[in-house]
Amino acid sequence: MTGPVLAVDQGTSGTKALVICPDRGVIGSGTAPVRPRHLPGGRVEVDPRELLDSVVAAGRGALAAAGEPVAAVGLANQGETVLAWDPASGAPLTDAIVWQDRRAEGICRELAPHAERLTQMTGLPLDPYFAAPKMTWIRRHLTREGVVTTSDSWLVRQLTGEFVTDAATAGRTQLLDLDGVVWSPEALEVFGLSGERLPRIVDAAGPVGSTGVFGAELPLTGLLVDQQAALLAQGATEPGTAKCTYGTGAFLLAQTGDRPRRGTSGLVACVAWRLGGRTGYCLDGQVYTAASAVRWLTDLGVIGGAADLDRVGASVPDAGGVTFVPSLAGLAAPWWRGDVRGSLTGLGLDTTAGHLVRALCEGIAAQVVELAEAAAADLGAPLTSLRVDGGLTRSALLMQTQADLLQRPVEVSALPDVTALGVGALARLGLDPLLPLKDAVPRWQPSAVYEPRVMAAEAAERMGAFRTAVAALLGRTP
């Protein structure tokens, strides 16, 4: 049995680090904030040095709290956040453009004739959410110098000196051949990136290099994009199992096994992870604004924060006829309309803060239902249940609303910080390749299970109201 490992989850609004012991669980944790800048025109940027500083601070904090040495490090990353940097010195040449950023919309419109082919090759629809359009934007507008990569490659370079990315993160760029799991010359040409030096694609578990930034020299043995790390930690390793993480956005992933499932529902086909040279795949659907929509309501003074959702929502029995489509940064899967903004309808003089809170919870939950139904359509069978994690799962109101609209049980993870736990499991696997995957992953246990409390007819009526509001935003009748 390997000793404790340090698992670092570098996220959009902060970095969380855990020291995980195989037999005692989490024995130390540390956090460090990250403050992206939200700018006009849908731009979202962050200083790359802040990302690195947060990784170091959170990791050192976790080690200090644990008070004992670790055997290895695992690193999870944001996925689609990109920057240009000098491969010789490691110095950033641009700010990091965050996954939520929409500045590459014009590039996507220009490349629209290639959209169908790109989706077939890479599994991803042509959208500024993914890395390649942002990379092209950087090359056209900021710098032709250095390399342009996702943020994980820069962080790994700073930590170890190596130039790599894991297969799942590479799959978030729209430059990866989904079937061959190699960089696609055709996709690179479409995006005008043919001459770029790209990182070596590695497995999610295995030695990458070593780092001394946390103190003693440690091997880096686990690398994975955040949502796939959460999928692993939730025990969703068999085809048809699914999880949803409620963070800044909400992200539903459904396991599809050893082959990509290119459906017609609007979900993304992508790499779940590559282990021992064998690639697993998943379906992926996104809601761009979940906790960020709660933060928006907080900034307006309607609530004091996410902790107020249940208290304020409990002041009324329902949404009072209010429908909220919280697409404050555009509609992602299955619509892929980043130009659409949110809507609040059915407001009256009797509308209260409680009605707005309930309508927001319904809007978030309804989008997740759309993702779950799209996944079921692509898989050919309904999801039997949904495993969930993330900060917003603390809201009983949101979770009950999710179960009601989904008409399926919603199982809330008893383990917080599942992204870090997932990459911690990979760090252990990287040290001990003979360790069975099921033994590396924490045993699944829900802290709560929310069963539907409304009949299917009521759920359908509420979903119908949401779909009518979305159709109005999309400029068509339902």
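The values are calculated or read from the model by the stated rules, or taken from the named source; none is laboratory data. Quantities reported herein were computed from a predicted structural model and do not represent experimental measurements. Please note: Cβ atoms are built from the backbone with ideal geometry, for glycine as well, and neighbour counts cover all protein chains shown.
Report yes if some residue within segment 62-72 is over 17 Å from the mean Cα position of the chain (by Cα), closer than 23 Å to THR173 by Cβ and without any contact (Cβ under 8 Å) to a residue 60 or more places away in the chain; otherwise report no. No - not one qualifying residue is present in segment 62-72. I'd like to check something: does segment 158-180 contain any residue that is without any contact (Cβ under 8 Å) to a residue 12 or more places away in the chain and either part of a strand (DSSP E or B) or out of contact with any Cys (no Cβ under 9 Å at 6 or more places or on another chain) (or both)? For segment 158-180, residues without any contact (Cβ under 8 Å) to a residue 12 or more places away in the chain and either part of a strand (DSSP E or B) or out of contact with any Cys (no Cβ under 9 Å at 6 or more places or on another chain) (or both): present. Residue check: VAL147 meets all listed conditions (1) touching a Pro at 6+ places or on another chain (Cβ under 7 Å); (2) crowded, with 21+ Cβ neighbours inside 10 Å; (3) in contact (Cβ under 8 Å) with a residue 60 or more places away in the chain but one, namely (2).
This table checks each residue for (1) over 22 Å from LEU415 (Cα atoms); (2) among the hydrophobic types (A, V, I, L, M, F, W, C).
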{"site": "THR2", "(1), (2)": "no, no"}
{"site": "VAL8", "(1), (2)": "no, yes"}
{"site": "VAL19", "(1), (2)": "no, yes"}
{"site": "GLY25", "(1), (2)": "no, no"}
{"site": "GLY42", "(1), (2)": "yes, no"}
{"site": "ASP47", "(1), (2)": "yes, no"}
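On the stretch given as segment 413-457, residues that are in a helix (DSSP H, G or I), touching a residue at least 12 places away in the same chain (Cβ under 8 Å) and more than 20 Å from the chain's Cα centre (by Cα) total 8. Can we say GLY195 is modelled with pLDDT under 95 and over 21 Å from the mean Cα position of the chain (by Cα)? So GLY195 passes the test. Only a single criterion out of (1) surrounded by 24 or more Cβ atoms within 10 Å (Cβ to Cβ); (2) within 19 Å of GLN174 (Cα to Cα) is not satisfied by GLY249, namely (2). Are any of the residues in segment 344-362 acidic (Asp, Glu), within 21 Å of the chain's Cα centre (by Cα) and at pLDDT 95 or above? Yes: segment 344-362 contains one or more residues that are acidic (Asp, Glu), within 21 Å of the chain's Cα centre (by Cα) and at pLDDT 95 or above.
Pick from VAL441, VAL449: which is of a type in the set (Val, Ile, Thr) and modelled with pLDDT of 95 or more? Going through VAL441, VAL449 in turn, just one is of a type in the set (Val, Ile, Thr) and modelled with pLDDT of 95 or more: VAL449.
Look at segment 14-31 and say how many of its residues are surrounded by fewer than 21 Cβ atoms within 10 Å (Cβ to Cβ) and either touching a strand residue (DSSP E or B) at 6+ places or on another chain (Cβ under 8 Å) or modelled with pLDDT of 95 or more (or both).
6
Of the listed requirements (1) surrounded by fewer than 21 Cβ atoms within 10 Å (Cβ to Cβ); (2) touching a helix residue (DSSP H, G or I) at 6+ places or on another chain (Cβ under 8 Å); (3) assigned to a helix (DSSP H, G or I), THR393 misses just one: (1).
Screening segment 278-291 for residues that are closer than 28 Å to ARG453 by Cβ and of a type in the set (Val, Ile, Thr) and picking the one that is farthest from the chain's Cα centre (by Cα) gives THR289. When segment 292-332 is filtered for residues that are at positive phi, surrounded by 14 or more Cβ atoms within 10 Å (Cβ to Cβ) and over 19 Å from the mean Cα position of the chain (by Cα), the ones remaining, listed by number, are GLY320, GLY321. Taking the numbered list (1) touching a Leu at 6+ places or on another chain (Cβ under 7 Å); (2) surrounded by fewer than 24 Cβ atoms within 10 Å (Cβ to Cβ); (3) at pLDDT 95 or above; (4) of a type in the set (A, V, I, L, M, F, W, C) in turn, ALA365 passes all entries but (2). Within segment 299-331, the only residue that satisfies the criterion of being hydroxyl-bearing (Ser, Thr, Tyr) and more than 22 Å from VAL368 (Cα to Cα) is SER315. Of all residues in segment 332-350, which are within 17 Å of LEU371 (Cβ to Cβ) and aliphatic (A, V, I, L, M)? ALA332, ALA333, VAL340, listed by residue number. Among residues of segment 201-218 that are in contact (Cβ under 8 Å) with a residue 40 or more places away in the chain, those with a beta-carbon under 7 Å from a residue that is of a type in the set (Phe, Trp, Tyr) at least six positions away or on a different chain give the pairs ALA204/TRP273.
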